[in-house]
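Beneath this line is the structure, given in C-alpha coordinates, with notes to follow.
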Amino acid sequence: MPKDKTPLSQAEDDVGAVEAYNILQRRQMNEDRILAERTSMFLVATSFLFAAFVVLLTSAPTGCIFKVLGIILSSVGITLTVLLYIFNRNAIKAVTFWHDAQAKIEFETSEFEYMRQKHVAPHLQGFDLDKEPELPTKKKESSGTRPIYKYCLPITFGTLWIAALAVSIARIVS
(Lines give C-alpha, C1' and ligand atoms only; values in the text may rest on other atoms or scores of the structure.)
Protein backbone atom coordinates (compact mmCIF):
# COMPACT_ATOMS: atom_id res chain seq x y z
CA MET A 1 0.00 0.00 0.00
CA PRO A 2 1.49 3.38 -0.95
CA LYS A 3 2.47 5.61 1.95
CA ASP A 4 -0.19 8.26 1.20
CA LYS A 5 -2.99 5.67 1.12
CA THR A 6 -4.97 5.03 4.28
CA PRO A 7 -6.68 1.68 4.83
CA LEU A 8 -10.00 3.43 4.25
CA SER A 9 -8.97 4.96 0.92
CA GLN A 10 -7.44 1.62 -0.13
CA ALA A 11 -10.76 -0.08 0.65
CA GLU A 12 -12.58 2.56 -1.39
CA ASP A 13 -10.28 1.87 -4.35
CA ASP A 14 -10.87 -1.87 -4.06
CA VAL A 15 -14.67 -1.94 -3.65
CA GLY A 16 -15.94 1.58 -4.25
CA ALA A 17 -17.15 4.15 -1.76
CA VAL A 18 -20.78 3.04 -1.65
CA GLU A 19 -19.87 -0.62 -1.14
CA ALA A 20 -17.33 0.32 1.57
CA TYR A 21 -20.03 2.44 3.20
CA ASN A 22 -22.46 -0.49 3.12
CA ILE A 23 -19.86 -2.83 4.61
CA LEU A 24 -19.27 -0.39 7.46
CA GLN A 25 -23.03 -0.02 7.94
CA ARG A 26 -23.41 -3.80 8.27
CA ARG A 27 -20.55 -3.94 10.78
CA GLN A 28 -22.10 -1.16 12.83
CA MET A 29 -25.50 -2.85 12.80
CA ASN A 30 -23.92 -6.18 13.79
CA GLU A 31 -22.11 -4.57 16.72
CA ASP A 32 -25.36 -2.88 17.83
CA ARG A 33 -27.15 -6.23 17.63
CA ILE A 34 -24.43 -7.92 19.69
CA LEU A 35 -24.66 -5.12 22.27
CA ALA A 36 -28.42 -5.57 22.59
CA GLU A 37 -28.22 -9.38 22.77
CA ARG A 38 -25.47 -9.28 25.37
CA THR A 39 -27.48 -6.88 27.51
CA SER A 40 -30.61 -9.03 27.19
CA MET A 41 -28.71 -12.12 28.30
CA PHE A 42 -27.25 -10.17 31.22
CA LEU A 43 -30.71 -9.06 32.32
CA VAL A 44 -32.04 -12.63 32.17
CA ALA A 45 -29.05 -14.03 34.07
CA THR A 46 -29.20 -11.29 36.69
CA SER A 47 -32.93 -11.80 37.14
CA PHE A 48 -32.46 -15.49 37.87
CA LEU A 49 -29.50 -14.84 40.16
CA PHE A 50 -31.31 -12.18 42.12
CA ALA A 51 -34.46 -14.29 42.37
CA ALA A 52 -32.32 -17.12 43.78
CA PHE A 53 -30.71 -14.69 46.21
CA VAL A 54 -34.07 -13.39 47.45
CA VAL A 55 -35.43 -16.93 47.86
CA LEU A 56 -32.26 -17.89 49.72
CA LEU A 57 -32.51 -14.80 51.90
CA THR A 58 -36.17 -15.16 52.82
CA SER A 59 -36.87 -18.88 53.04
CA ALA A 60 -33.60 -20.75 53.49
CA PRO A 61 -32.53 -22.18 56.80
CA THR A 62 -29.98 -20.17 58.72
CA GLY A 63 -27.14 -22.67 58.30
CA CYS A 64 -23.67 -21.47 57.48
CA ILE A 65 -23.72 -22.99 53.98
CA PHE A 66 -26.78 -20.94 53.04
CA LYS A 67 -25.15 -17.75 54.28
CA VAL A 68 -22.02 -18.46 52.25
CA LEU A 69 -24.21 -19.22 49.22
CA GLY A 70 -25.60 -15.67 49.47
CA ILE A 71 -22.06 -14.28 49.24
CA ILE A 72 -21.32 -16.53 46.27
CA LEU A 73 -24.46 -15.41 44.42
CA SER A 74 -23.66 -11.75 45.12
CA SER A 75 -20.08 -12.21 43.93
CA VAL A 76 -21.25 -13.85 40.70
CA GLY A 77 -23.66 -10.93 40.17
CA ILE A 78 -20.87 -8.38 40.71
CA THR A 79 -18.61 -10.29 38.30
CA LEU A 80 -21.32 -10.39 35.62
CA THR A 81 -21.88 -6.66 36.05
CA VAL A 82 -18.17 -5.88 35.63
CA LEU A 83 -17.99 -8.12 32.55
CA LEU A 84 -21.06 -6.39 31.09
CA TYR A 85 -19.40 -3.01 31.53
CA ILE A 86 -16.14 -4.16 29.91
CA PHE A 87 -17.85 -5.85 26.95
CA ASN A 88 -20.32 -3.03 26.38
CA ARG A 89 -17.56 -0.42 26.56
CA ASN A 90 -15.63 -2.25 23.84
CA ALA A 91 -18.73 -2.73 21.69
CA ILE A 92 -19.56 0.98 21.95
CA LYS A 93 -16.01 1.85 20.91
CA ALA A 94 -16.43 -0.38 17.85
CA VAL A 95 -19.81 1.13 16.95
CA THR A 96 -18.32 4.61 17.29
CA PHE A 97 -15.37 3.64 15.08
CA TRP A 98 -17.63 2.28 12.31
CA HIS A 99 -19.83 5.38 12.59
CA ASP A 100 -16.81 7.65 12.23
CA ALA A 101 -15.51 5.66 9.27
CA GLN A 102 -18.88 6.14 7.56
CA ALA A 103 -18.68 9.87 8.32
CA LYS A 104 -15.27 9.97 6.66
CA ILE A 105 -16.66 8.30 3.54
CA GLU A 106 -19.62 10.70 3.51
CA PHE A 107 -17.20 13.61 3.78
CA GLU A 108 -14.58 12.52 1.25
CA THR A 109 -16.37 10.84 -1.63
CA SER A 110 -18.26 12.32 -4.53
CA GLU A 111 -21.02 9.70 -4.22
CA PHE A 112 -22.26 11.49 -1.10
CA GLU A 113 -21.99 15.06 -2.42
CA TYR A 114 -25.75 15.41 -2.79
CA MET A 115 -26.28 14.28 0.83
CA ARG A 116 -23.68 16.77 2.07
CA GLN A 117 -25.26 19.63 0.12
CA LYS A 118 -28.72 18.83 1.51
CA HIS A 119 -27.28 18.25 5.02
CA VAL A 120 -28.78 14.76 5.22
CA ALA A 121 -25.54 12.80 5.63
CA PRO A 122 -26.51 10.95 8.83
CA HIS A 123 -23.00 10.17 10.01
CA LEU A 124 -21.75 13.72 9.53
CA GLN A 125 -24.20 15.20 12.01
CA GLY A 126 -22.21 16.90 14.72
CA PHE A 127 -19.17 17.36 12.49
CA ASP A 128 -17.95 20.64 11.10
CA LEU A 129 -18.39 20.23 7.33
CA ASP A 130 -15.62 22.76 6.65
CA LYS A 131 -12.96 20.42 7.99
CA GLU A 132 -12.41 16.72 7.57
CA PRO A 133 -13.62 14.44 10.38
CA GLU A 134 -10.91 12.49 12.19
CA LEU A 135 -10.78 8.72 12.05
CA PRO A 136 -11.37 7.48 14.67
CA THR A 137 -12.93 10.48 16.30
CA LYS A 138 -12.38 11.44 19.89
CA LYS A 139 -15.93 12.72 20.36
CA LYS A 140 -18.04 11.27 23.12
CA GLU A 141 -20.39 8.45 22.25
CA SER A 142 -23.45 10.14 23.68
CA SER A 143 -25.86 9.46 20.85
CA GLY A 144 -28.93 7.31 21.30
CA THR A 145 -29.14 4.85 24.15
CA ARG A 146 -25.44 4.01 24.37
CA PRO A 147 -24.88 5.70 27.77
CA ILE A 148 -27.61 3.42 29.15
CA TYR A 149 -25.67 0.36 28.00
CA LYS A 150 -22.32 1.71 29.12
CA TYR A 151 -23.11 3.40 32.44
CA CYS A 152 -26.69 3.15 33.70
CA LEU A 153 -27.15 -0.63 33.62
CA PRO A 154 -23.76 -1.50 35.15
CA ILE A 155 -24.07 1.16 37.87
CA THR A 156 -27.62 0.14 38.75
CA PHE A 157 -26.93 -3.57 38.90
CA GLY A 158 -23.51 -3.09 40.48
CA THR A 159 -25.15 -1.15 43.31
CA LEU A 160 -27.80 -3.84 43.67
CA TRP A 161 -25.22 -6.61 43.91
CA ILE A 162 -22.99 -4.70 46.32
CA ALA A 163 -26.01 -4.18 48.57
CA ALA A 164 -26.79 -7.90 48.30
CA LEU A 165 -23.21 -8.71 49.24
CA ALA A 166 -23.44 -6.38 52.25
CA VAL A 167 -26.65 -8.10 53.39
CA SER A 168 -24.99 -11.51 52.99
CA ILE A 169 -21.95 -10.47 55.01
CA ALA A 170 -24.19 -8.94 57.68
CA ARG A 171 -26.06 -12.26 57.96
CA ILE A 172 -22.79 -14.11 58.53
CA VAL A 173 -21.55 -11.61 61.11
CA SER A 174 -24.81 -11.65 63.09
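Some points to look at:
- Every condition in (1) surrounded by fewer than 18 Cβ atoms within 10 Å (Cβ to Cβ); (2) touching a helix residue (DSSP H, G or I) at 6+ places or on another chain (Cβ under 8 Å) holds for Ile86 except the one numbered (2).
- From the options Thr96, Thr79, Thr58, residue that is at pLDDT below 90 and either acidic (Asp, Glu) or surrounded by fewer than 20 Cβ atoms within 10 Å (Cβ to Cβ) (or both): Thr58
- Any hit, segment 22-32, residues being modelled with pLDDT under 95, hydrophobic (A, V, I, L, M, F, W, C) and within 20 Å of Leu153 (Cα to Cα): no
- Qualifying residue in segment 57-72 (condition: basic (Lys, Arg), closer than 28 Å to Ala170 by Cβ and part of a helix (DSSP H, G or I)): yes
- The number of residues in segment 24-43 being without any contact (Cβ under 8 Å) to a residue 40 or more places away in the chain and either surrounded by 16 or more Cβ atoms within 10 Å (Cβ to Cβ) or not in a helix (DSSP H, G or I) (or both) comes to 0.
- Against the conditions (1) at pLDDT below 80; (2) part of a helix (DSSP H, G or I), Glu141 satisfies every one except (2).
The values are calculated or read from the model by the stated rules, or taken from the named source; none is laboratory data. What you see is a predicted model, and the numbers here were worked out from it, not measured in a lab. Using ideal geometry, Cβ is built from the backbone for each residue, glycine included, and neighbour counts are taken over all protein chains shown.
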